[in-house]
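Notes for the one structure printed next.
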Amino acid sequence: MNVSMMYRRTDRGVREVYEKSHKFTQSERLILILLDGRLNVAGLKTRLPSLNDDRIERALRKLQEASLVEQISYEAGKGNGTVAPDTTPLEPEAVAHFLEQTDLDPITVFGDSEEAIAAEMVRASVEQAAAQLAKEETIMGRSIASPQPAPKMRPEAGRTESRRSHKTRAKLRDATTSHGLNGASTHWAITTVNVPDRLDLQEERDRVEAVEYSDGRRREILRVWMKRLLMVAVLAVIAAGVYATLAPLRDETSAARVSERLTAVFKRPVRVAETDFRFAPTPRLIVRTIDVGGQFKAEEISLLINWKDLWSAIRGGNWVWSEALIAPMTVTPAQAAYIVRTLPGGARELPSKISTIRFASVRIGDSRLFPDAFEGVLRRTPDGTFGPLVLRPLDAEGTMQLSFRPGRLPDGRESIEFRLDADRWTPPFGPRVRWNEIHATGRIFDNVVEVSDFTLAGFFGMTSGTVYAATDVEWAITGIAGASNIDVESVLQTLRPAAQVASGEAPPTAVQGTATMSLTMAGRGPSLDDAIARTAIAGPFQLRWATLNGINLGLAASQGAMAAGTTRFTEFNGLMAASANGVRFEDTGGRAGAMAARGDFTVAPDLALAGGVRVELGAQRVQAPVSLRVRGTVLEPRFSQ
């Protein structure tokens, strides 16, 4: 902006001084009053030293945009001492009113004491009276005479008159004695107002607020960082406490210490690759790659602990592990036998902090005796010792539980006692029959498996007995079993297709009656599975209330025709031998009055019948014996000559 440019008020600018319809700062209004028609930018800077160049320029632009001031050329306004014809001069009262404002900023009012402020107020009143007198003389058209100087105001006691007040009164006398200088002009009235305005105070306030804001911000940042540092300190203390608490645990759960514990359990050198502690998804100690003397390997064992026990341990309590979880594994029959023999007794050497040992899944590879995958659980009892190792099939019809616990023989030798309990379960060996209840107890010692007592109960009867299995060069199985009240019809019904049995439309079975058997078991093989698979069951049997449906043997012998009907025997017995290759009946027959029938026949695994029956009518009738061939199946036998 050109500092030589001159500005003057417009009529709207004069009205604005009185009406105050716009929102201006005090500095902008002060500039509006100072513009008497011959003041340039340099003059404003001289009269308002408290305002810098930028503030003056912004104020002039704002007033010019509001059409309150306008630019004039330097030639139009220089040195003539008159106001432009189209500009109405300000009344002295407006200037005095501006000076009399009591709410002016302290930096805007003259002086720095109450005495100076009061002196300036008196000066303003004197100047207002002089201006009013000059106005009245102008209106009356009288010659302007030298007015009487205004009485000099003495300063009050204890106060000194302001130097600015002397200058103001001197200028007032000069202005009111010269009509040619337009005494009504207001430029003389403000020339002494060389002080800051309300905008300066606002800037001071803004500066104070900025300082307060920055101080508050620094304090807020300091508080935030203090909180963070406090939190870091608390976490550090907690971490130190946890570290101090976990230090004994770290030593207790190191790979070397775990190897020592497992070596005592399995009575063989055990190597552990590494151990690791994790908190997700639940707190646990991971033990990886456990090698038990080359007998078997476990990929991973997890020692679990719940959050409550973990918190209790961190606070200084004892470490109570909920369970040791062994990852799914597949073992050979020999390895399974080794685990069963050593784990129940050796678990007593484990720390008392472990309450449960769980096998997630154990599958015995290449075993026909245990084809399913089992879950194994070993729990600690209230007296502090471990209870039996309990195995349950993961996917099996019905329920089955096999438990193992350590024991001793009468001569002091160690043994493993076991118990089998099952409901609605089909054993993987023997006849594929679902038994309602199965119970068996026994023991394992040295190279002997003894089933001292077993019971199989179903809808068709009950079987009980004793079995021994021992190995030296090979496995040998011996045993005895007795069956009573075996419903032959129910046994044959289980061989029918399930859909035919459910519909209830099946014809009567070929044989009906109640059987009693006394059986002996024997088998040999290179392994226990092979010995069981080759075991044969043989012995005599008796059938009470025996009935043969589909043929009348007496009528067939007397008439020589295959007459349909029923043969009811008063007695029926024979010898039976069952194995994986089928069932063979020898010297099997019975009597029905004078008629006697005897024969041998076999039942193949696919239920096919093959054999013959010799029928005799007795000495009362001269009739040659008749031999009949038996074909068909157990469910539908066929007889022919």
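Read-outs throughout are calculated quantities, based only on the coordinates presented, and are distinct from any laboratory measurement. Note that the coordinates shown come from a computational prediction; the quantities given were computed from them, not determined experimentally. Cβ atoms come from the backbone with ideal geometry, glycine included; neighbour counts cover every protein chain shown.
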HN-Hα couplings for the stretch 218-227 via Karplus (6.51, -1.76, 1.60; θ = phi - 60°), in whole Hz with x for Gly/Pro, come out as 4, 5, 5, 4, 4, 5, 4, 5, 5, 5
In the neighbourhood of Arg598 defined by beta carbon distances under 9 Å, the net charge of the other residues (Lys, Arg +1; Asp, Glu -1) is -2
The stretch 254-395: C-alpha gyration tensor shape, a/c 1.5 cut-off, then a/b vs b/c: prolate
Under the 0.36 nm per residue contour assumption, what length would be gained going from the current alpha-carbon distance of Ala470 and Asp54 to full extension? 138.4 nm
If each part is reduced to its alpha-carbon centroid, the stretch 402-442 and the stretch 264-308 end up apart, in Å, by 30 Å
May I ask you to compute the full-extension gain from Ser452 to Arg629, defined as 0.36 nm times their residue separation minus their alpha-carbon distance, rounded to one decimal in nm? 59.4 nm
Residue span Ala533 to Gln401: 0.36 nm per residue of separation minus Cα-Cα distance leaves a gain in nm of 45.3 nm
Compare the peptides 602-612, 397-407 by average per-residue count of other Cβ atoms within 10 angstrom and give them in order, highest first. 397-407, 602-612
